[in-house]
């Protein structure tokens with residue numbers, strides 16, 4: 001049985017990364033795709049776990065060989081998702097989660113329209129700004145730039161299947177967990193997964 | 001904002017009634033439609049809570065006035081769902097749950113195709129038979145008849161949106177809860193519900 005491909009997208013500051021980390025902790029059957037990036041590692045980031053860190057020449061060569069399911073350049077850094085890894089996981093029945101931006105999400109949907117798109121929104125623009133400021137790693141201009149980019153991203157909300165408002169973390173996590181669980185209960189999937197049971201019940 | 005109409009159907013013995021009761025306990029925003037029936041009350045059943053108990057003439061008159069969203073005759077007793085009550089609840093933004101059979105579910109979907117159909121299956125034919133026997137209120141012939149009817153019902157599983165296997169009660173309840181929660185997070189619904197927030201985030 002083929003796995004389900006989940007896409008979780010959000011503007012930076014919506015709290016996507018913490019939500020996804022908590023979801024993965026809860027759900028051992030779900031695997032996160034680790035992106036390739038040309039961005040240098042931040043403190044604490046582990047190669048192969050947070051990202052596959054590669055140089056620009058390597059990234060460019062992968063891009064030219066068509067190895068990315070989606071890729072994007074953001075603030076001068078390149079990011080990409082390995083198509084082969086995702087396809088192998090899905091083929092082996094593993095559900096995969098992509099934590100990417102809206103641009104990437106649109107690319108994935110074009111190639112894999114059956115992907116389930118989940119968009120995470122902050123509860124207000126004020127909270128979004130505060131979250132960006134609280135990180136403390138960025139200059140005011142960078143924050144303003146990220147805020148403008150976030151607004152652009154959020155205009156694409158209607159391209160997704162589900163929308164989660166990340167106001168209370170625990171509630172948003174419960175939302176995300178429910179979407180994953182419910183998608184696994186869709187009739188086509190269940191008829192594939194429990195085909196023999198259903199046959200034995202109805203014959 | 002319009003409420004969501006959930007249909008929960010299952011062959012008798014699948015454990016639907018206990019699941020639905022537990023769901024309603026958990027979720028005060030969800031209201032169960034109370035069916036009209038010509039069947040006499042069983043011990044402990046309360047008029048207006050478990051069913052609206054009416055005589056056959058009353059039922060027939062309601063049927064002729066087109067007051068039922070769905071109706072069925074099962075083992076000589078009539079059952080029907082009030083269209084007006086359901087429509088009023090949905091119009092006021094309340095989510096409604098119908099606990100009905102497959103025949104009724106098909107009637108509802110014809111009138112309200114946006115309804116979310118959930119089908120509950122037993123984990124095996126053996127368990128289904130045991131559950132029917134354990135009730136102890138029925139003769140062997142009645143059990144055989146119910147079992148054959150259940151198999152007929154279960155052949156219609158593909159008409160539903162979600163399938164839940166009621167093997168472990170707690171897991172099945174979690175499944176049911178997740179489907180309801182996830183449906184509330186669908187993009188069209190969220191854009192309606194959080195329109196002002198989304199507008200303020202993207203302008």
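The values are calculated or read from the model by the stated rules, or taken from the named source; none is laboratory data. What you see is a predicted model; the values in this text were computed from it and never measured. A quick note on method: Cβ atoms are made from the backbone with ideal geometry, for glycine too, and the neighbour counts reach across all protein chains shown.
Here are the numbers for the structure shown:
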quantity: Breaking point among (1) at pLDDT below 95; (2) touching a helix residue (DSSP H, G or I) at 6+ places or on another chain (Cβ under 9 Å); (3) assigned to a strand (DSSP E or B), for residue B:11; calculated: (3)
quantity: Top-ranked residue in the range A:18-55 [being touching a residue at least 12 places away in the same chain (Cβ under 8 Å) and in a strand (DSSP E or B); ranked as farthest from the chain's Cα centre (by Cα)]; calculated: A:53
quantity: Residues located in the range B:155-192, provided they are without any contact (Cβ under 8 Å) to a residue 60 or more places away in the chain, more than 7 Å from every other protein chain (Cβ to nearest Cβ), in contact with a strand residue (DSSP E or B) (Cβ under 9 Å, 6 or more places away or on another chain) and closer than 18 Å to residue A:174 by Cβ; calculated: B:171
quantity: Residue satisfying condition, being at pLDDT below 90, more than 19 Å from residue B:188 (Cα to Cα) and part of a helix (DSSP H, G or I), within set A:145, A:181, A:110, A:189; calculated: A:145
quantity: Cβ-Cβ under 8 Å pairs, at least 6 apart or on other chains, the range B:66-79 side assigned to a strand (DSSP E or B), far side at pLDDT 95 or above and exposed (fewer than 13 other Cβ atoms within 10 Å of the Cβ); calculated: B:78/B:56
quantity: Residue that is surrounded by fewer than 18 Cβ atoms within 10 Å (Cβ to Cβ), facing chain B (nearest Cβ under 10 Å) and either closer than 30 Å to residue B:175 by Cβ or modelled with pLDDT under 95 (or both), where the choices are A:136, A:152, A:195, A:117; calculated: A:152
quantity: Of residues in the range A:23-68 being more than 18 Å from residue A:100 (Cβ to Cβ) and in contact with a helix residue (DSSP H, G or I) (Cβ under 8 Å, 6 or more places away or on another chain), the one surrounded by the fewest Cβ atoms within 10 Å (Cβ to Cβ); calculated: A:26
quantity: Residue count, the range B:155-172 (criterion: surrounded by fewer than 16 Cβ atoms within 10 Å (Cβ to Cβ), in a loop (DSSP other than H, G, I, E, B) and touching a helix residue (DSSP H, G or I) at 6+ places or on another chain (Cβ under 7 Å)); calculated: 1
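Yes or no, residue by residue, for (1) closer than 18 Å to residue B:38 by Cβ; (2) surrounded by fewer than 17 Cβ atoms within 10 Å (Cβ to Cβ); (3) within 14 Å of chain A (Cβ to nearest Cβ):
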| position | (1), (2), (3) |
| --- | --- |
| B:80 | yes, no, no |
| B:91 | no, yes, no |
| B:104 | yes, no, no |
| B:124 | no, yes, yes |
